[in-house]
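Trainee: Can you read through this structure? Questions will come right after.
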Amino acid sequence: MDRQNRAGSRLSPLGTAEEHAAVYAAVVASALDPVVVVDESGRVVTMNPAAETTFGYTLDEALGQSIGALIVPEHLREAHEAGFARYRATRQPRVLGQRVELEARSKDGRVFPVELAITEVNLSDRRLFTANLRDLSATKESAAEIERQREALHQSEKLSALGSLLAGIAHELNNPLSIVLGQAVMMREDVEELYWHGPFRERAQKIEAAAERCARVMKSFLAIARQRKAERKMLQLAPLLDSAIDLLTYGMRAGGVTITRDYAGTLPDVFADSDQVQQIVVNLLVNASQALDHIEGDREILVRVTSGPDDTVRLMVADNGPGVAKEIAARIFDPFFTTKPEGAGTGIGLSVSRGLAQSQGGRLTLVPSPLGGAAFELTLSTQKVAAEAANGRGDQPIRFVTSPAAAAEKRRALIVDDEVEIGVLVAETLRNANYHCDVARSGREAQAKIAARAGAYDAIVCDLRMPDIDGPALFDWMGRHHPALTARTLFVTGDALGAAAGRFLAQCHRPVLEKPFAPADIVRLVGELPVRDTAG
């Protein structure tokens with residue numbers, strides 16, 4: 001009697017066992033996750049609507065079918081059948097009552113991750129198994145996206161740290177490279193005065209050419225590495241392309257890659273930011289080179305520039321590699337999408353390049369390759385746009401032209417640089433251009449010389465980074481004590497990647513010459529400084 005009362009209380013308030021079963025069936029039918037019931041032979045007894053939606057089978061199609069044939073992928077089917085057979089023989093469960101992750105297969109052949117929990121249901125006449133499943137596709141994709149974002153953040157942090165390191169390296173390399181380049185030019189000029197023919201002149205020319213190549217590579221690298229606001233202006237595309245190619249020449253040649261340059265005979269200037277265009281070109285060249293890594297035979301890259309319609313210039317970088325498959329062509333510009341193996345690429349190069357192209361008012365597209373591989377075309381405008389005025393005249397360095405009368409008389413310059421050889425080189429260069437030159441090895445020494453010769457200097461050539469009083473601090477001191485000198489100041493820097501240097505130069509609006517530089521650059525820029533008013 002007590003047992004009957006307890007049984008009745010378990011059914012309350014649902015009433016009879018039939019009503020209880022009906023409610024249970026309704027709950028299973030309304031579940032959002034798939035539920036599949038099979039018998040001891042592994043054949044489907046029933047399944048809920050969520051299972052029909054997830055696996056693509058109707059209940060009528062699934063009834064009586066082997067669950068292994070329906071939803072178990074082929075590579076797991078043998079293990080599934082062995083597990084069923086083992087349980088029937090031993091009655092020793094291995095996965096009953098546990099949650100496990102594995103793969104399932106839908107009617108259309110799609111294989112996707114699921115979470116599976118199997119429970120045993122013992123009836124009076126038979127034993128059934130209920131499989132509760134959950135599609136983990138969205139969960140796995142979200143986890144993968146989080147991991148991609150985490151990796152992207154890690155890469156960004158590494159690049160930031162690398163940028164700080166490169167700023168110091170660039171400064172240390174640019175100083176001696178400036179000395180090599182400057183002394184090579186001056187040696188070549190001296191040799192030409194003494195030996196118009198012979199091996200000395202030829203050797204001097206070779207040293208100068210090698211130094212200039214090093215300077216171009218360093219400037220190209222720094223142009224890509226620096227971070228600054230875009231400055232669009234009219235520029236020639238061909239020299240910029242040559243610099244980008246020079247930057248990668250050694251690696252290309254070592255990899256057996258031949259680069260062909262095909263520039264149209266007459267090309268108009270384009271309105272763009274030179275650093276950003278160079279970054280696009282380097283990205284495209286690197287991608288093309290990597291695409292050729294695993295092909296046999298000749299490895300070719302074509303860089304072609306032509307005039308396009310509607311006042312445009314078109315730059316194409318093509319290779320004879322495997323090309324871009326049609327099924328991924330629409331995704332290659334997506335951020336973090338890459339077909340390269342792990343560690344060989346981040347999937348952001350093309351995405352960044354397209355963004356840079358659009359910021360120039362241009363576009364970057366995938367086009368048919370004349371070499372049979374992949375080809376990307378960058379289209380740039382040859383016309384200045386109204387946005388040019390938005391940059392503001394104040395953002396541009398102030399330039400002045402020296403009058404012929406002033407150029408005829410001897411002028412005085414103060415060179416401030418803690419690198420002795422740089423100071424000597426600049427002084428010697430300007431002396432050859434009719435300047436009296438004083439050299440200060442620090443900002444503090446420069447203050448003393450300026451104070452002793454108040455108003456006597458026509459030009460100040462000052463390094464930015466110095467150990468005691470640096471260029472910005474000296475400029476501020478001159479602004480307070482000798483304001484006329486600030487308009488006659490030219491800065492020289494090897495700190496091309498320093499954020500602080502960039503902010504200062506943007507604020508002071510003074511011309512700047514980046515190391516490494518040629519002697520002619522110093523003479524030209526100092527000659528553009530305003531003339532000192534000798535009447536005052």
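Trainee: Listing Leu356, Leu284 from the residue with the fewest other Cβ atoms within 10 Å to the one with the most, what is the order?
Mentor: Leu356, Leu284
Trainee: Which of rounded, prolate, oblate describes the range 412-536, given a ≥ b ≥ c as roots of the alpha-carbon gyration tensor eigenvalues and a/c under 1.5 marking rounded, otherwise prolate only if a/b is larger than b/c?
Mentor: Here the range 412-536 falls in the rounded category.
Trainee: Right, something else. Which Cα, out of Ala82, Gln92, Val121, lies furthest along the positive dipole direction of the range 54-121 (beta carbon charges, K/R +1, D/E -1)?
Mentor: Going by the charge dipole, the pick is Gln92.
Trainee: Using a 10 Å cut-off around each Cβ, can you sort Ser178, Ser289 from fewest to most neighbouring Cβ atoms?
Mentor: Result, fewest neighbours first: Ser289, Ser178.
Trainee: As a footprinting exposure proxy, order Asp458, Asp418, Asp125, Asp190 by other Cβ within 10 Å, with the fewest listed first.
Mentor: Asp125, Asp190, Asp418, Asp458
Trainee: Something else: Among residues other than Leu133 whose Cβ falls under 14 Å from its Cβ, what is the net charge (Lys/Arg +1, Asp/Glu -1)?
Mentor: Local charge sum for Leu133: -3.
Trainee: Compute the signed sum of charges (Lys and Arg +1, Asp and Glu -1) over the other residues within less than 15 Å, Cβ to Cβ, of Val45.
Mentor: Neighbour charge sum, excluding Val45 itself: -4.
Trainee: Another question, then. Taking the Cβ of Ala459 as the centre, find all other residues whose Cβ is under 9 Å away and add up their charges (Lys, Arg: +1; Asp, Glu: -1).
Mentor: +3
Coordinate-derived values only; no laboratory data. This structure is a prediction, so every number in the text was calculated from the model and none was measured. No Cβ is skipped: glycine too gets one built from the backbone with ideal geometry, and neighbour counts run over all protein chains shown.
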